[in-house]
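Take a look at the structure set out below.
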2 protein chains.
Amino acid sequence: MIKVGYIGLGLMGKPIATNILKAGYPLIVHNRSREVVEKMAALGAESASNPAEVARKVDVVFTNLPDSPDVELVALGKDGIIDGAHDGLILVDNSTIKPASARKIAEKLGKSGVLCLDAPVSGGDIGAQKGTLAIMVGGPEEALEKVRSIFEVIGISITHVGESGAGQIAKAANQIMVAAQMVALGELLIMAKKSGADPEKVIQAIRGGAAQCWALDNKPQRLFEGNRSPGFKAYMQHKDLNIVMDTAREYGIAVPMTAITTQLFGAMLEMGMENLDNSAVIGVIEALSGDSLLD
Amino acid sequence: MIKVGYIGLGLMGKPIATNILKAGYPLIVHNRSREVVEKMAALGAESASNPAEVARKVDVVFTNLPDSPDVELVALGKDGIIDGAHDGLILVDNSTIKPASARKIAEKLGKSGVLCLDAPVSGGDIGAQKGTLAIMVGGPEEALEKVRSIFEVIGISITHVGESGAGQIAKAANQIMVAAQMVALGELLIMAKKSGADPEKVIQAIRGGAAQCWALDNKPQRLFEGNRSPGFKAYMQHKDLNIVMDTAREYGIAVPMTAITTQLFGAMLEMGMENLDNSAVIGVIEALSGDSLLD
């Protein structure tokens, strides 16, 4: 059986690693905080003291970390995966990071015989728990085929987008659209409210037509109930939009609308709403308009 | 049987009026250009020389005109509906205009005993031909009940949003979301292209998740085939966004993202792309990024 390592047991990493373990794969874990490692050990996982040790002992090592520098450090830093690299090792990075970072890691680890897949996911912590994530994969097809059986344990949609970095590009593309829908929802609800129409009736009138989208289908009812809890946290949305903006700068791409959505999510953080749902960006529109959806 | 008038036999008005006529309602039409009037006459419609004459002879008069000043002129100007107003007359405006204009017309005609419904539609010329439009209605419920049987001939979804202007507010809300989706689609496709991923694979990877929307479902294939023909014309999208911006100014609403989408559709017009589909706003992103989706 393929031996698996998982580094980074956070909100997403822990349930993904748990599903891999429950599917019967021998699992070695590593995480900065020890508490979650002990919980995984109680379920039957082995633990390792650093990423190099994990890499040395497994066939496939997963990473799931907050941001690009974290993944670069775990992959390429002291006692990192590079120090435990061996021929045929596969690195699967489930983090959402910059495509350029994914490419850099793949290139450097490639010199030590490691095959790298960038494999960011969407579907949230619920999807991670249920094993119903969408996985967007960049990197060599042969590596994907070797780990496909593991991917099928954690997700229901697996798309090979292209070479290294392509999975991250797909995730960034996803976030451009998600952010646009969330901000549009906020603007149209406050426009309805302040110009004197019933926002709930407006949603009812438009949800089935050309405006139809995931955000319109899933978020208005929560907002009408005064529920702005996550869901997908605003600071994560902002982090992912910054990946888009960094990518735009690196490759010379104009994203004028995403520049604005990034600014609005940035404002949301400054206003103390960083742990609310991404649909709560309506709070920025409310503040700018001197009104609120519910009053 | 209710006698019906229809003023404005353009891309949308003509098929709507034709459906009303085919359903058996006696129909009197008026239009600036005579050619289409003669076509409708050949189908059995009567014609009138001005809006006042139409209003005088019917129980319900429809209007379907390009913009707010056109509707105001036909409703309130010389030889306008106001000059043929009679107690119990119902005005149904299928145009997409400013909520504030709809309210002004309803107030002024109300003094002559006319009940006004703002009833913009979505679904395009195909929906108009098939009688499958979504109709967003503002104005008195009693007037809506009197014309509901006619609405059922032209649309399949009829939502009473609220008082006068509320139908137009819903339509404006619809256009905020539609424009956001179209621009997001353009930005994410060019980001994918220029950062080195296959745009078709990127769409495949994201279309089923939290980014899902009408634009992602319906537009990418056309763009990949090099087809930027309408669909919904860019200058109409721009006109509708200007209604949002006017409404935002009149009622004091911040719509920072729509300010940008309006600018991008405005740029599209200046670049000579006014008669292309609204999804062709990707052409602006291409120009700004010095790249193109297909090359």
**Report entry** Radius 14 Å from Cβ of residue A:218, net charge of other residues (Lys, Arg +1; Asp, Glu -1)
**Finding:** +1
Report task. Report, ordered by chain and residue number, the lysines lying within cross-link reach of residue A:98, taken as a straight Cα distance under 16 Å and ignoring same-chain residues fewer than 8 apart. Result -> A:108, A:171, A:239, B:193, B:194
Query raised in the report: What FRET efficiency, computed as 1/(1 + (r/R0)^6) with R0 = 60 Å and r the Cβ-Cβ distance, is obtained for residue B:49 and residue A:108, rounded to the nearest 0.05?
Result: 0.15
Report summary line: Taking Lys and Arg as +1 and Asp and Glu as -1, residues besides residue A:68 with C-beta under 13 Å from its C-beta add up to -3
Report task. Compare the Cα positions of A:12, A:231, A:44 along the charge dipole of chain A (+1 at Cβ of Lys, Arg; -1 at Cβ of Asp, Glu; about the Cα centre) and return the one farthest towards the positive end. Result -> A:44
Query raised in the report: If you take the charge dipole of the protein assembly as shown about its Cα centre, with +1 on Lys and Arg Cβ and -1 on Asp and Glu Cβ, which of A:156, A:122, A:94 is farthest toward its positive end?
Result: A:156
Query raised in the report: On average, how much accessible surface per residue is there in the protein assembly as shown, in Å², for a 1.4 Å probe, leaving out ligands, DNA and RNA?
Result: 37
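Evaluate the charge dipole of the stretch B:170-289 about its Cα centre and quote only its size in Debye, nearest 20, assuming +1 on the Cβ of each Lys and Arg and -1 on the Cβ of each Asp and Glu.
About 160 debye.
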Query raised in the report: Between residue B:295 and residue A:271, how many nm apart are label points set 7 Å from Cα along the C-beta direction?
Result: 3.9
Query raised in the report: Between residue A:32 and residue B:221, what is the spin-label point distance in nm, taking each point 7 Å from the Cα along the Cα→C-beta axis?
Result: 4.6
Query raised in the report: Which lysines have a Cα less than 27 Å from the Cα of residue B:39, not counting those fewer than 8 places away in the same chain?
Result: B:3, B:14, B:22, B:57, B:78, B:130, B:233
Query raised in the report: Full extension from residue A:41 to residue A:145: what is 0.36 nm times the residue separation minus their Cα-Cα distance, to one decimal in nm?
Result: 34.6 nm
Report task. With a 1.4 Å probe on protein heavy atoms only, work out how much accessible surface B and A bury together, total over both chains, in Å² to the nearest 100. Result -> 4800
Query raised in the report: From the label point of residue B:287, set 7 Å from Cα along Cα→Cβ, how far away are the matching label points in the other copies, in nm, ordered shortest to longest?
Result: 3.5
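Can you give the average number of partner chain beta-carbon atoms within 10 Å of each beta-carbon in peptide A:151-161, as a whole number? Please report the intermediate quantities before stating the final value.
On the way: counts 0, 0, 0, 0, 0, 1, 6, 1, 8, 3, 10.
Across the residues of A:151-161, the mean count of other-chain Cβ atoms within 10 Å is 3.
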Query raised in the report: What are the nm distances, shortest first, from residue A:141 to its equivalents in the other copies, labels at 7 Å along Cα→Cβ?
Result: 6.2
Report task. Give me the net charge of residue B:283's neighbourhood, meaning all other residues with Cβ under 14 Å from the Cβ of residue B:283; Lys, Arg count +1, Asp, Glu -1. Result -> -2
Report task. Tell me which residues come under 5 Å, amide H to amide H, from residue A:62 once H is placed; ignore anything under 5 positions away on its chain. Result -> A:5, A:6, A:7, A:92
Query raised in the report: Carbon-plus-sulfur fraction of the accessible area of the stretch A:126-219, 1.4 Å probe, in percent?
Result: 47
Query - Charged-residue dipole, Cβ positions (Lys, Arg, Asp, Glu), the protein assembly as shown about Cα centre, Debye nearest 20 - result: 460
Report summary line: Over all pairs of different Cα atoms in the protein assembly as shown, the reciprocal of the mean inverse distance gives a Kirkwood radius in Å of 25.8
Report summary line: In degrees, nearest 10, the alpha-carbon axis of helix B:166-195 is tilted away from the dominant principal axis of the alpha carbons of chain B by 20
Query raised in the report: Under the Karplus relation 6.51 cos²θ - 1.76 cosθ + 1.60, θ = phi - 60°, what is the ordered set of whole-Hz ³J(HN,Hα) values for the stretch B:264-271, x standing for Gly and Pro?
Result: 5, 5, x, 4, 4, 5, 5, 7
Report task. Could you bin all the Cα-Cα distances of chain B into 10 Å bins starting at 0 and give me the percent of pairs in each, rounded to whole numbers? Result -> 6, 27, 31, 20, 11, 4, 0
Query raised in the report: For chain B, what is the calculated [θ] at 222 nm in deg cm²/dmol (nearest 500), taking -39500 (n - 2.57) for each run of four or more DSSP H residues and dividing by its residue count?
Result: -16000 deg cm²/dmol
**Report entry** Magnitude of the charge dipole, the stretch A:1-89, Cβ model with Lys/Arg +1 and Asp/Glu -1, debye to 20
**Finding:** 300
Query raised in the report: Which one of B:281, B:256, B:190 is farthest out on the positive end of the charge dipole of the stretch B:170-289, using unit charges on Cβ (Lys, Arg +1; Asp, Glu -1) and the Cα centre as origin?
Result: B:190
Query raised in the report: Averaged over A:245-252, how many beta carbons belonging to a partner chain fall within 10 Å of each residue's beta carbon?
Result: 3
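For an R0 of 51 angstrom, estimate the FRET efficiency from the Cβ-Cβ distance between residue A:73 and residue B:129 and round to the nearest 0.05.
Between residue A:73 and residue B:129 the formula returns 0.25.
The values are calculated or read from the model by the stated rules, or taken from the named source; none is laboratory data. All figures in this text were calculated on a predicted structure; none of them were measured in a lab. For neighbour counting, all protein chains shown are included, and Cβ atoms are generated from backbone atoms with ideal geometry for every residue, glycine included. Accessible surface is based on the protein model in full, side chains and every heavy atom, while ligands, DNA and RNA are left aside. Shrake-Rupley method; radii C 1.70, N 1.55, O 1.52, S 1.80 Å.
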